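*Asks:* My structure is below; once you've seen it, I'll send some questions.
The values are calculated or read from the model by the stated rules, or taken from the named source; none is laboratory data. Since the structure is predicted, the reported quantities are computational estimates derived from the model, not experimental observations. Cβ coordinates were reconstructed from backbone atoms using ideal geometry, including for glycine residues, and neighbour counts include every protein chain displayed. When the accessible area is computed, the model is the full protein with side chains, heavy atoms only, and any ligands, DNA or RNA have been set aside. Shrake-Rupley method; radii C 1.70, N 1.55, O 1.52, S 1.80 Å.
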Amino acid sequence: IPSSLIDNITIYKSATPDLPGDFAGGAIKISTRDFPSKRISELSLSASYNSQTTFQNFYRGYPNGKLDWLGFFDDSRLIPGSYYQNRGAKYNSLDQSKQIEITKKFPNTYGSYPANQSQPNFGFSYTGGNTKMIKDTKLGYIYSFSYHNGRRVAERTRDEYQTFDFHEYNYNTLSYDMRSTLSALLNLTYSYGKSKISLKNLFNNDFVNGFASRKGIGGSGGNPLNDPSTIPFNYKSQNTEASSNGIESTVLEGLHSLNKKWTINWNGSFGLTYRWQPDQRIMTFVTDPGTNNYAIKLNNPNSPVIEDAGRIYSFLQEKIYGGNIDVTKQFEWKGLQQKLKFGTSNYYRTRNVEVDALGLASLANNGSGNKIY
């Protein structure tokens, strides 16, 4: 939300009857402006430089959707329809030839490729609004749109010790993230007499398309004479994923002053939050202890290991419908102005979570390792 559109921010540290009862620790209420004091027309441009990313080499995973730059998914990452229609127990009941046929419908989108060197991150935003007088009424409108796009390269090292003298593994991870953020806001307010009605809309979408490459050594501690599994082995893996997180909110509200002592405040609202993460791809290569020959270790069909080779499709969506009305009476008591508020507030929430976690497996009952040199 652009700072120029914020009227006030109230932080509630304790529960009050007119707030939702399912928050923990505190609530923040952001009130945006209804009537601009003057016409607004603001354009903002930004650019940023990161020494670890800008003008440095960059790698991307497959696939690249046509709408990635805008922050939305197309159909390129959807789960194949032939599997979705036969997923779960139905897939397990199919004969092996049919299972193989369906498996081949999944695109071979593992791996990465070098992209152009990273340019500086950039963004722009525009804010507009005005107030119009129509006879004895007043109409105010405010709108805003912003878009940011950039890259980030991050390097992380992780060491794990079972005990102070047992170094279990050492992993180094390089991640390459492309991020697009899209935001929009539209407020309309109409005032007549002692009443005011407002329609407020907010949308935010954050899209990240990332590829991560990890290398390291495992089993590098312990005593190989007593425990052969501690003989060091080389490890490398890749993770490719794209995720989209978003919020959409629409509120219709009204405020009516009946007289100097009584006011009525009401609103109806709809909120949508979502997190899409279709086709996260994981592939891991390891060597046999004491060798340099990398292999993909596949388990048998009954126990696929997603961390070795797999794909994950996850979708989360939550909808909240709300409505409330309250009446406030102002009065004086012991020389001080007082307020008494009473009313009702109601919310109805629905949430859908769908996850398909699929591991690649060998047709052999005891699994196999496919050598990759």
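*Asks:* Would you kindly find the accessible area of PHE145, with a 1.4 Å probe and non-protein molecules such as ligands, DNA and RNA excluded, rounding to the nearest 10 Å²?
*Replies:* Approximately 90 Å² of PHE145 is accessible to the 1.4 Å probe.
*Asks:* Compute the distance in nm between two label points, each set 7 Å from the Cα along the Cα-to-Cβ direction, one at LEU94 and one at ILE28.
*Replies:* My value for the distance between the label points is 4.7 nm.
*Asks:* How high is the FRET efficiency between THR173 and SER195 when r is their beta carbon distance and R₀ equals 51 Å, given to the nearest 0.05?
*Replies:* That gives a FRET efficiency of 0.30.
*Asks:* Quickly work out the LEU19-to-LYS105 label distance, labels modelled 7 Å from Cα along the C-beta direction, and quote it in nm with one decimal.
*Replies:* For LYS105 paired with LEU19, the spin-label model returns 5.0 nm.
*Asks:* Tell me which label goes with the value of P(r) over Cα pairs in 20 Å bins from 0, in percent computed from the coordinates here: [x] 27, 54, 19, 1; [y] 31, 60, 9, 0; [z] 20, 42, 28, 10, 1.
*Replies:* Given [x] 27, 54, 19, 1; [y] 31, 60, 9, 0; [z] 20, 42, 28, 10, 1, the calculated one carries the label [z].
*Asks:* Here's another thing I want to ask about it. Using 0.36 nm per residue, how much length does the chain from ASN86 to LYS261 gain when fully extended, once their Cα-Cα distance is taken away? Working shown, then result.
*Replies:* On the way: separation 175, 0.36 × 175 = 63.00 nm, distance 6.45 nm.
So the extension gain works out to 56.6 nm.
*Asks:* I need the trypsin sites (Lys or Arg not before Pro) found in segment 268-373, filtered to DSSP loop residues with at most 15 other beta carbons within 10 Å of theirs.
*Replies:* LYS334
*Asks:* Rank ASP159, ASP68, ASP7 by accessible area, highest first, at a 1.4 Å probe radius?
*Replies:* The ranking, largest first, comes out as ASP7, ASP159, ASP68.
*Asks:* Something else: Using a 1.4 Å probe, how large is the accessible area of PHE203, given in Å² and rounded to the nearest 10?
*Replies:* 50
*Asks:* For segment 1-117, what is the charge dipole size about the Cα centre, in debye to the nearest 20, if Lys and Arg each add +1 at the Cβ and Asp and Glu each add -1 at the Cβ? Provide the component values of the computation, followed by the final result.
*Replies:* Working: 13 positive and 10 negative charges, 48 e Å.
Roughly 240 debye, rounded to the nearest 20.
*Asks:* How many Å² of accessible area per residue for segment 66-167, probe 1.4 Å? It would help to have the intermediate numbers written out before the result.
*Replies:* Numbers: 6830 Å² over 102 residues.
About 67 Å² of surface per residue is accessible.
*Asks:* Related question: With θ taken as phi - 60° and the coefficients 6.51, -1.76 and 1.60, list the Karplus ³J(HN,Hα) couplings across segment 41-48 in order, rounded to whole Hz; mark glycine and proline as x.
*Replies:* Those phi angles translate into 8, 10, 10, 10, 10, 9, 8, 9 Hz.
*Asks:* Taking 0.36 nm per residue of sequence separation and subtracting the Cα-Cα distance, how much length would be gained by fully extending the chain between ASN293 and TYR143, in nm to one decimal?
*Replies:* Taking ASN293 through TYR143 to full extension adds about 48.1 nm, to one decimal.
*Asks:* Could you give each residue of segment 52-69 its phi-based ³J(HN,Hα) in whole Hz, using Karplus coefficients 6.51, -1.76, 1.60 with θ = phi - 60°, and x for Gly or Pro?
*Replies:* Here the 3J(HN,Hα) series is 8, 10, 4, 6, 9, 5, 9, 10, 10, x, 9, x, 10, x, 5, 10, 4, 4 Hz.
*Asks:* With every protein chain kept in place and ligands, DNA and RNA left out, what is the accessible area per residue of segment 218-363? Probe 1.4 Å, answer in Å².
*Replies:* With all protein chains present, segment 218-363 gives 57 Å² per residue.
*Asks:* I want to verify a result. In a Gaussian network model of the chain, Cα cutoff 10 Å, which of these has the top mean-square fluctuation: LEU94, LEU202, LEU188?
*Replies:* LEU94
*Asks:* Another question about this same structure. Checking the cross-link filter: which lysines have an alpha carbon closer than 17 Å to that of LYS13, excluding same-chain neighbours under 8 positions apart?
*Replies:* LYS29
*Asks:* What lysines could a cross-link reach from LYS132, if we take a straight Cα to Cα line under 19 Å and drop same-chain neighbours fewer than 8 places away?
*Replies:* LYS38, LYS194, LYS196, LYS200
*Asks:* Mind ranking TYR49, TYR59 by accessible surface for me, highest first, 1.4 Å probe?
*Replies:* TYR49, TYR59
*Asks:* For segment 245-261, take each phi angle, set θ = phi - 60°, evaluate the Karplus expression 6.51 cos²θ - 1.76 cosθ + 1.60, and give the result in whole Hz per residue in order, putting x for glycine and proline.
*Replies:* 10, x, 9, 10, 9, 10, 10, 10, 9, x, 9, 10, 9, 6, 7, 5, 10
*Asks:* Same structure, new question: Run the quick spin-label model on LEU188 and ILE320: label points 7 Å from Cα toward the beta carbon, then report their separation in nm to one decimal.
*Replies:* Between LEU188 and ILE320, the label points sit 2.5 nm apart.
*Asks:* To the nearest 20 debye, what charge dipole does segment 130-211 have about its Cα centre, counting +1 at the Cβ of each Lys and Arg and -1 at the Cβ of each Asp and Glu?
*Replies:* I would put it at about 1160 debye.
*Asks:* I'd like the carbon and sulfur percentage of the solvent accessible area for the chain, probe radius 1.4 Å, heavy atoms only, ligands and nucleic acids excluded. Provide the component values of the computation, followed by the final result.
*Replies:* Working: 12220 of 22700 Å².
The computed percentage sits at 54.
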